[in-house]
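The values are calculated or read from the model by the stated rules, or taken from the named source; none is laboratory data. Nothing here was measured: the structure is a model prediction, and the numbers come from that model. As a convention, Cβ positions derive from the backbone with ideal geometry for all residues, glycine included, and neighbour counts pool all protein chains shown.
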């Protein structure tokens, strides 16, 4: 869902990429899915998005191959949850880079605190978006946690859905 124009046929990869992920809701939805919030209501309540906007963004993310739909039984009713694909999990370095940039270049609101990106494999905080700055391993969604002191918790990310 492009913000301004349809850039899907552009030769410039930045334009093609922004055609898919240029809407701010997209990265927030992907953040939540990678944190294990996979159901419509969970995502909506977490990021404060309206039902119609969330429906359109989820449809786009499925169409673009960043999410996959999976049905589950809720009592006697079948519902849908959304799971990150490998392509969706590949957005992790972008989300890390945005967070690291914002920590460095935007003012901390009152009551805020530093969010640490923790590489669970070695246990160290990393200051890099794609590689652990302590041990040098590539960061994968299944081995990273975000330590959010303002929420008083550490949230471990989840692996992409199996193909």
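Would you pick out the residues in segment 15-25 that are in contact (Cβ under 8 Å) with a residue 12 or more places away in the chain and either touching a helix residue (DSSP H, G or I) at 6+ places or on another chain (Cβ under 6 Å) or farther than 16 Å from residue 98 by Cα (or both)?
So in segment 15-25, the residues in contact (Cβ under 8 Å) with a residue 12 or more places away in the chain come out as 18-23, 25.
Correct list: 19, 20, 25.
When you scan segment 94-106, do you find a residue that is buried (at least 16 other Cβ atoms within 10 Å of the Cβ) and either assigned by TED's automatic domain parsing to the domain that holds residue 54 or over 20 Å from residue 37 (Cβ atoms) (or both), even just one?
Yes, that holds for at least one residue.
For segment 67-82, indicate whether the set of residues that are closer than 26 Å to residue 126 by Cα and assigned by TED's automatic domain parsing to the domain that holds residue 22 is non-empty.
Kept after step one, since they are closer than 26 Å to residue 126 by Cα, are these residues of segment 67-82: none.
Checking segment 67-82: not a single residue is closer than 26 Å to residue 126 by Cα and assigned by TED's automatic domain parsing to the domain that holds residue 22.
For segment 147-158, check the following and say yes or no: at least one residue is under 22 Å from residue 39 (Cα atoms), at pLDDT 90 or above, surrounded by fewer than 17 Cβ atoms within 10 Å (Cβ to Cβ) and in contact with a helix residue (DSSP H, G or I) (Cβ under 9 Å, 6 or more places away or on another chain).
Checked against the condition, which is being under 22 Å from residue 39 (Cα atoms), at pLDDT 90 or above, surrounded by fewer than 17 Cβ atoms within 10 Å (Cβ to Cβ) and in contact with a helix residue (DSSP H, G or I) (Cβ under 9 Å, 6 or more places away or on another chain), segment 147-158 yields at least one hit.
Between 139, 67, which is in contact with a strand residue (DSSP E or B) (Cβ under 7 Å, 6 or more places away or on another chain), within 22 Å of residue 41 (Cβ to Cβ) and surrounded by 15 or more Cβ atoms within 10 Å (Cβ to Cβ)? Reasoning before the result, please.
Values: 139 fails: within 22 Å of residue 41 (Cβ to Cβ).
The match here is 67.
Listed here are the residues, each with its yes/no results for (1) surrounded by 13 or more Cβ atoms within 10 Å (Cβ to Cβ); (2) farther than 26 Å from residue 138 by Cβ; (3) in contact with a strand residue (DSSP E or B) (Cβ under 7 Å, 6 or more places away or on another chain).
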| site | (1), (2), (3) |
| --- | --- |
| 44 | yes, yes, no |
| 49 | yes, yes, no |
| 52 | no, yes, no |
| 62 | yes, yes, yes |
| 71 | no, yes, yes |
| 74 | no, yes, no |
| 83 | yes, no, yes |
| 89 | yes, no, no |
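Which condition does residue 119 not pass, out of (1) touching a strand residue (DSSP E or B) at 6+ places or on another chain (Cβ under 8 Å); (2) assigned by TED's automatic domain parsing to the domain that holds residue 40, if it passes all the others?
Residue 119 satisfies all of (1) touching a strand residue (DSSP E or B) at 6+ places or on another chain (Cβ under 8 Å); (2) assigned by TED's automatic domain parsing to the domain that holds residue 40 except (2).
Strands (runs of 3 or more DSSP E) wholly in segment 35-132 with at least 1 residues that are in contact (Cβ under 8 Å) with a residue 24 or more places away in the chain and more than 22 Å from residue 151 (Cα to Cα) - which ones? Write out each step before concluding.
On the way: elements: 67-74, 77-84, 116-119, 124-126.
Result: 67-74, 77-84.
From (1) within 26 Å of residue 18 (Cα to Cα); (2) buried (at least 16 other Cβ atoms within 10 Å of the Cβ), pick out the condition that doesn't hold for residue 131.
The single condition residue 131 does not satisfy is (2).
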